[in-house]
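Engineer: Have a look at the structure that comes next, please.
The values are calculated or read from the model by the stated rules, or taken from the named source; none is laboratory data. Small disclaimer: the values here were computed from a predicted structure and weren't measured. All Cβ positions, even for glycine, are placed from backbone atoms using ideal geometry, and neighbour counts span all protein chains on display.
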Amino acid sequence: MKKKEKSSGKKIFAVVFVLLTVAGLCGVMAYDAIKSSNAQISSVAMGTVVSIKLNGYGSDKAAQQIVDRINDLDNRFLTCKTSDSDVGRINAGAGSTVNIDGFTAGILTKSNEICAAGDGAFDITLGSLTSLWDIGGENQRVPLHSEIEKALDFTGYKNLVINGNTAGVPTGFSLDLGAVGKGVACDEARTILLDTKVKNAIISVGGSVLLFGENEDGSPFRVGIRDPRGDSGEYMGILKLNSSCVSTSGDYEKYFTSADGSVYHHILNPETGYPVRRDLISVTVCSDSGLVSDALSTACFVLGYEKSLPLLEKYSAQAVFITTDKKVIVTDGIADSFELTNSDKYTLEQNDNA
Ligand code: AMP
Ligand code: MG
């Protein structure tokens, strides 16, 4: 019998929360003397809230260019929600190869490398599974075990074939770049900004944030990490970082509660086909690359703390892990940049690999 599920209704709040946190904590940028050279806008793109805060000559124009570029990126290349984008056409043409833009081929190649490096914990070919669960979507539900088993037969990153500007997946397979697209959007925003006179910027695309340029007094950016078990607007710690990309994956971002009270979140274990049941509730990854920070935050969430360390090292990335029992583990490279602000609820653990 089909169980009746109720939506948590928290998705939008979760997203807005990230923005408020980042915007609120990054106020160090807002003191610039020439008001007309600042821009601050929020928009919806890639199915999430995009918040843009720029400081420097040409900020208004650059802000609009960034929003347009993120929309373009999604519509033309990455979305799996329509069959018009490159990824959508790969999915619609499963069983054969299709021509794609060189940009998309580059994203798929880099993403597939990370799938392999993480031994499939992060897998961009989970489309058959993610659409079955549809977590955060209109048709979210707990699929039958037999449906999950069947969908699993149509997943596996090794099946994605990329050859120059053509790509394809076998019949029944489909791509879902939901775990990497927002990081790619941060990379694209940086490419635009490098061509402008904007001095510094904070661009937040869902759970991924680009920190660009330098503050005038040379101080680092301050980024709040959301309290995964807190109310909307609460953060549990602050990272002080220079120009870089920061992505968070957590079990609180998209989820629903079934009629029997079980909670199902949106990060799936590619081995079982069910939401990951691990000791982690949130992972934040910092990297020079948005694609890498986004892909790795998802991969690390699936792998757990110990198994994530070699992957982080391979990509010269750093991370903050929050465990179910409210322990916080910070990797060596950013240990001095992290400040725990909610020590009532969370405990900072020593990193064993220090
Ligand atoms: P993120 O918030 O970046 O961790 O991305 C989560 C989104 O990526 C989900 O909403 C799914 O669309 C997709 N996804 C879920 N599990 C995985 C996984 N193990 N590997 C790759 N993508 C995933
Ligand atoms: Mg991700």
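Engineer: If Ile135 satisfies all but one of (1) hydrophobic (A, V, I, L, M, F, W, C); (2) more than 21 Å from Ser297 (Cβ to Cβ); (3) in a loop (DSSP other than H, G, I, E, B), what's the number of the condition it fails?
Structural biologist: (2)
Engineer: Condition first: touching a Lys or Arg at 6+ places or on another chain (Cβ under 8 Å) and more than 21 Å from Leu241 (Cβ to Cβ). Now tell me which residues in region 325-354 satisfy that.
Structural biologist: Lys326, Lys345, Thr347 - these are the residues of region 325-354 that are touching a Lys or Arg at 6+ places or on another chain (Cβ under 8 Å) and more than 21 Å from Leu241 (Cβ to Cβ).
Engineer: Could you list all residues from region 267-283 that are within 11 Å of ligand 1 (Cβ to nearest atom) and of a type outside the set (A, V, I, L, M)? Let's see the steps before the verdict.
Structural biologist: As a first pass, look at region 267-283 and keep what is within 11 Å of ligand 1 (Cβ to nearest atom): 267-276, 282-283.
Within region 267-283, Asn269, Pro270, Glu271, Thr272, Gly273, Tyr274, Pro275, Ser282 qualify.
Engineer: Any residue in region 27-53 that is more than 14 Å from Ala63 (Cβ to Cβ) sitting within a Cβ distance under 7 Å of a residue that is at pLDDT below 90? List the pairs, counting only those 6 or more apart or interchain.
Structural biologist: Cβ pairs passing all conditions: Val28/Asn215; Thr48/Val15; Val49/Val15; Val49/Val16; Val49/Leu19.
Engineer: Residues of region 143-179 being of a type in the set (Asp, Glu) and in contact (Cβ under 8 Å) with a residue 60 or more places away in the chain, which ones?
Structural biologist: So the first thing to find is which residues in region 143-179 are of a type in the set (Asp, Glu), and the list is 147, 149, 153, 176.
Matches in region 143-179: Glu149, Asp176.
Engineer: State which residue is surrounded by the fewest Cβ atoms within 10 Å (Cβ to Cβ) when the search covers only region 117-153 and only residues that are among the β-branched types (Val, Ile, Thr) and more than 16 Å from ligand 2 (Cβ to nearest atom). Outline the logic, then answer.
Structural biologist: Taking region 117-153 and keeping what is among the β-branched types (Val, Ile, Thr), we get 124-125, 130, 135, 142, 148.
Adding the requirement that they be more than 16 Å from ligand 2 (Cβ to nearest atom) leaves 142, 148.
Working: Val142: 20, Ile148: 18.
Residue satisfying both the conditions and the ranking: Ile148.
Engineer: Still on this structure: Looking only at residues that are part of a loop (DSSP other than H, G, I, E, B) and more than 16 Å from ligand 1 (Cβ to nearest atom) in region 163-183, which one is farthest from Val285 (Cα to Cα)?
Structural biologist: Taking region 163-183 as the starting set, the residues that turn out to be part of a loop (DSSP other than H, G, I, E, B) are 164-165, 169-180.
Next, only the ones that are more than 16 Å from ligand 1 (Cβ to nearest atom) stay: 164-165, 170-172.
On the way: Gly164: 30, Asn165: 30, Pro170: 32, Thr171: 34, Gly172: 32 Å.
Selected residue: Thr171.
Engineer: What strands (runs of 3 or more DSSP E) completely inside region 239-335 contain at least 1 residues that are closer than 19 Å to Val209 by Cα and under 18 Å from the mean Cα position of the chain (by Cα)? Even if it seems obvious, please write down each step before you answer.
Structural biologist: On the way: elements: 244-250, 255-257, 263-265, 280-287, 318-323, 327-330.
Of the strands (runs of 3 or more DSSP E) lying wholly inside region 239-335, those with at least 1 residues that are closer than 19 Å to Val209 by Cα and under 18 Å from the mean Cα position of the chain (by Cα) span 244-250, 280-287, 318-323.
Engineer: Is at least one residue of region 311-333 out of contact with any strand residue (DSSP E or B) (no Cβ under 9 Å at 6 or more places or on another chain), within 18 Å of Gly183 (Cβ to Cβ) and either within 14 Å of ligand 1 (Cβ to nearest atom) or polar (S, T, N, Q) (or both)?
Structural biologist: Within region 311-333, one or more residues are out of contact with any strand residue (DSSP E or B) (no Cβ under 9 Å at 6 or more places or on another chain), within 18 Å of Gly183 (Cβ to Cβ) and either within 14 Å of ligand 1 (Cβ to nearest atom) or polar (S, T, N, Q) (or both).
Engineer: On the basis of being within 16 Å of ligand 1 (Cβ to nearest atom) and either under 15 Å from Ser297 (Cα atoms) or modelled with pLDDT of 95 or more (or both), does Val263 make the cut?
Structural biologist: Numbers: within 16 Å of ligand 1 (Cβ to nearest atom): yes; either under 15 Å from Ser297 (Cα atoms) or modelled with pLDDT of 95 or more (or both): no.
No.
Engineer: Evaluate region 114-121: report whether one residue or more is closer than 30 Å to Ala259 by Cβ, out of contact with any Pro (no Cβ under 9 Å at 6 or more places or on another chain) and among the hydrophobic types (A, V, I, L, M, F, W, C).
Structural biologist: So far as region 114-121 goes, no, none of its residues is closer than 30 Å to Ala259 by Cβ, out of contact with any Pro (no Cβ under 9 Å at 6 or more places or on another chain) and among the hydrophobic types (A, V, I, L, M, F, W, C).
Engineer: So which of Val67, Val44 ends up being β-branched (Val, Ile, Thr) and either at pLDDT 95 or above or surrounded by 15 or more Cβ atoms within 10 Å (Cβ to Cβ) (or both)?
Structural biologist: Details: Val44 fails: either at pLDDT 95 or above or surrounded by 15 or more Cβ atoms within 10 Å (Cβ to Cβ) (or both).
Exactly one residue qualifies, and that residue is Val67.
Engineer: Checking Tyr255 against (1) within 30 Å of Asp336 (Cα to Cα); (2) surrounded by 21 or more Cβ atoms within 10 Å (Cβ to Cβ), which single condition isn't satisfied?
Structural biologist: If we test Tyr255 against (1) within 30 Å of Asp336 (Cα to Cα); (2) surrounded by 21 or more Cβ atoms within 10 Å (Cβ to Cβ), just (1) comes out false.
Engineer: Looking only at residues in region 65-78 that are without any contact (Cβ under 8 Å) to a residue 60 or more places away in the chain and out of contact with any strand residue (DSSP E or B) (no Cβ under 8 Å at 6 or more places or on another chain), which one is farthest from Gly178 (Cα to Cα)? Steps first, answer last, please.
Structural biologist: As a first pass, look at region 65-78 and keep what is without any contact (Cβ under 8 Å) to a residue 60 or more places away in the chain: 67-68, 71-72, 75-77.
Then drop every residue that is not out of contact with any strand residue (DSSP E or B) (no Cβ under 8 Å at 6 or more places or on another chain), which leaves 68, 72, 75-77.
Working: Asp68: 19, Asp72: 16, Asn75: 13, Arg76: 15, Phe77: 12 Å.
Ranking the qualifying residues of region 65-78, first place goes to Asp68.
Engineer: What about Val223, is it buried (at least 24 other Cβ atoms within 10 Å of the Cβ) and more than 21 Å from Thr324 (Cβ to Cβ)?
Structural biologist: Details: buried (at least 24 other Cβ atoms within 10 Å of the Cβ): yes; more than 21 Å from Thr324 (Cβ to Cβ): yes.
Yes.
Engineer: Now a separate question. Only residues that are more than 16 Å from ligand 2 (Cβ to nearest atom) and either in contact (Cβ under 8 Å) with a residue 60 or more places away in the chain or β-branched (Val, Ile, Thr) (or both): list them for region 239-270, please.
Structural biologist: Taking region 239-270 first, the residues more than 16 Å from ligand 2 (Cβ to nearest atom) are 239-243, 256-264.
Residues satisfying the conditions are Leu239, Lys240, Leu241, Phe256, Thr257, Ser258, Ala259, Asp260, Ser262, Val263, Tyr264.
Engineer: Something else about it: Do we find a residue being under 18 Å from Val292 (Cβ atoms) and within 16 Å of ligand 1 (Cβ to nearest atom) anywhere in region 153-162?
Structural biologist: Within region 153-162, one or more residues are under 18 Å from Val292 (Cβ atoms) and within 16 Å of ligand 1 (Cβ to nearest atom).
Engineer: With the requirement that a residue be surrounded by 19 or more Cβ atoms within 10 Å (Cβ to Cβ) and either charged (D, E, K, R) or more than 14 Å from ligand 2 (Cβ to nearest atom) (or both), what does region 282-308 give you? First the steps, then the outcome.
Structural biologist: Going through region 282-308, the residues surrounded by 19 or more Cβ atoms within 10 Å (Cβ to Cβ) turn out to be 282-287, 289-303, 305, 308.
Scanning region 282-308 gives Asp294, Tyr305.
Engineer: Could I ask something else about it? Residue check, Lys254 against (1) of a type outside the set (A, V, I, L, M, F, W, C); (2) touching a strand residue (DSSP E or B) at 6+ places or on another chain (Cβ under 9 Å); (3) modelled with pLDDT of 95 or more; (4) under 30 Å from Glu188 (Cβ atoms), all met but one. Which one?
Structural biologist: So the condition that Lys254 fails would be (3).
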